[in-house]
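First comes the structure, then the notes that go with it.
The values are calculated or read from the model by the stated rules, or taken from the named source; none is laboratory data. As the structure is a computational prediction, the values presented were derived from the model and not from experiment. Here the Cβ positions follow ideal geometry from the backbone for every residue, glycine too, while neighbour counts run over all protein chains shown.
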Amino acid sequence: MLLQYDPQHWITFISAALLLNISPGPDLGFILAHTVRGGRVCGFAAMLGVWTGAMGHALFAAAGLSALLAASATAYSLVKYAGAAYLLWLGIQALRSRGAFSVPTAQAPLIRPGRIYAQGVFIDLLNPKAAIFFLAFLPQFVVAGAGPAWLQLLVHGVLIIVVAACVEPFFVLMGDRVSNSLRHSPRFCRWMDRGLGGFFLFLGLRLATSDR
């Protein structure tokens with residue numbers, strides 16, 4: 001039978017995946033920012049987008065593409081600067097919106113969840129550090145003789161997302177509940193857009209100036 005592991009293996013992996021998913025980071029910040037800004041629907045859209053991007057990195061790691069990215073300075077730089085440019089563009093758009101996407105009026109319709117989902121996908125996929133993280137993290141749980149290495153990498157990558165599915169919805173629901181009454185304030189919406197814009201600009205600048 002393929003992929004046979006002892007119980008200690010699963011305890012170690014699930015514990016690491018759980019800590020990974022509850023630790024503050026860009027992905028969780030992105031999800032919570034959209035939850036506070038637009039409610040649970042927007043939060044879940046952001047969450048699903050991040051998961052889709054993470055699934056892409058799991059597939060890349062299993063296929064060996066992440067290793068190529070890590071080995072090629074040119075490929076790494078291209079992905080890095082593309083991701084940074086996208087984040088900076090999102091930040092500028094949020095700063096210019098002046099709360100327009102947060103206040104559901106005829107003049108300013110609520111932002112579409114599909115758009116937020118796409119943002120989550122691209123933000124994750126265009127982050128070479130996420131690809132290298134998967135490449136560094138997943139091989140630690142490859143066990144000789146347990147099955148093909150590519151399959152082990154893929155299964156563990158998918159399980160990271162499964163663990164996220166057990167944790168992150170709670171943050172979305174709590175964030176929506178806490179911010180629900182504030183979301184109807186135009187002033188609060190403007191400040192949320194400024195905060196989200198600043199968050200994107202920070203991530204973009206940090207990615208652009210980061211080393212491999």
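Summary of values
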quantity	calculated
Flag for ALA16 being over 14 Å from the mean Cα position of the chain (by Cα), in a helix (DSSP H, G or I) and buried (at least 20 other Cβ atoms within 10 Å of the Cβ)	no
Selected residue [over 15 Å from ALA130 (Cβ atoms) and either without any contact (Cβ under 8 Å) to a residue 12 or more places away in the chain or surrounded by 17 or more Cβ atoms within 10 Å (Cβ to Cβ) (or both)] from GLY43, GLY56	GLY43
Cross-chain or 6+ apart pairs with Cβ under 8 Å, the range 1-24 first and over 17 Å from PHE133 (Cα atoms), then small (Gly, Ala, Ser)	LEU2/ALA146; LEU2/GLY147; LEU3/ALA146; LEU3/GLY147; GLN4/ALA146; GLN4/GLY147; TYR5/ALA146
Residue list for the range 161-199, filter: among the hydrophobic types (A, V, I, L, M, F, W, C) and at pLDDT below 75	LEU182, PHE188, CYS189, TRP191, MET192, LEU196, PHE199
Pair list, Cβ < 9 Å and 6+ apart or interchain, from the range 133-145 residues that are among the aliphatic types (A, V, I, L, M) to residues that are exposed (fewer than 15 other Cβ atoms within 10 Å of the Cβ) and part of a helix (DSSP H, G or I)	VAL143/HIS9
Unique match (being assigned to a helix (DSSP H, G or I), at pLDDT 85 or above and closer than 28 Å to GLN152 by Cα) among ALA67, ALA75, ALA46	ALA46
Test: GLY120 is in contact with an Asp or Glu (Cβ under 9 Å, 6 or more places away or on another chain), part of a helix (DSSP H, G or I) and at pLDDT 75 or above	yes
